[in-house]
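Engineer: What follows is a single structure, and I will ask about it in a moment.
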């Protein structure tokens, strides 16, 4: 079983390869890179904030967490169900997805999912 399987079992493979899914995966990648990463590495200082700043940080935290699990789970689901790479390439992506966690999922999205699905002419 892979991360988030309880959610992904409700979504079919056709949706997984749709433009909507691809856009949501892209948005998740951007959220992870531009919001989660700076917070994670301490580039965002959190001194005495106003209510609005705290609310923004809270919303960012929730969006980032959801984005991480959505992207990671989606790329695992795609790797299991749709990836038709050679066994050697699949093993490499397995290691990247497993140990790279969400950054590995971003790499997989950009280098495996997106090119294959664009070639297959994504649908909505």
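No lab work stands behind these numbers, since they all come straight from the coordinates. Keep in mind the model is a prediction, meaning the values are calculated, not measured. Methodologically, a virtual Cβ is constructed for each residue, glycine included, from the backbone with ideal geometry; neighbour enumeration extends over all protein chains shown.
Engineer: How big is the chain along each principal axis, measuring the range of its Cα positions in Å and listing the largest first?
Structural biologist: On the principal axes, the chain reaches 52, 30, 27 Å in Cα extent.
Engineer: Right, something else. Mind checking the full-extension length gain between residue 101 and residue 14? Use 0.36 nm per residue of separation minus the Cα-Cα distance, one decimal, nm.
Structural biologist: 28.9 nm
Engineer: Let me ask something else about it. Let me have the relative contact order for the chain, percent, based on Cα pairs under 8 Å that are six or more residues apart.
Structural biologist: 39
Engineer: Can you compute the modelled spin-label distance between residue 84 and residue 46, with each label point 7 Å from Cα toward Cβ, in nm?
Structural biologist: Label-label distance for residue 84 and residue 46, simple model: 4.6 nm.
Engineer: Let me ask something else about it. Starting from the Cα-Cα distance between residue 63 and residue 37, subtract it from 0.36 nm times their residue separation and give me the gain in nm to one decimal.
Structural biologist: On the way: separation 26, 0.36 × 26 = 9.36 nm, distance 1.26 nm.
Extra length from residue 63 to residue 37 when fully extended: 8.1 nm.
Engineer: Which residue, 87, 38, 47, tops the fluctuation ranking in a GNM of the chain built on C-alpha contacts under 10 Å?
Structural biologist: Among 87, 38, 47, the largest GNM mean-square fluctuation belongs to 47.
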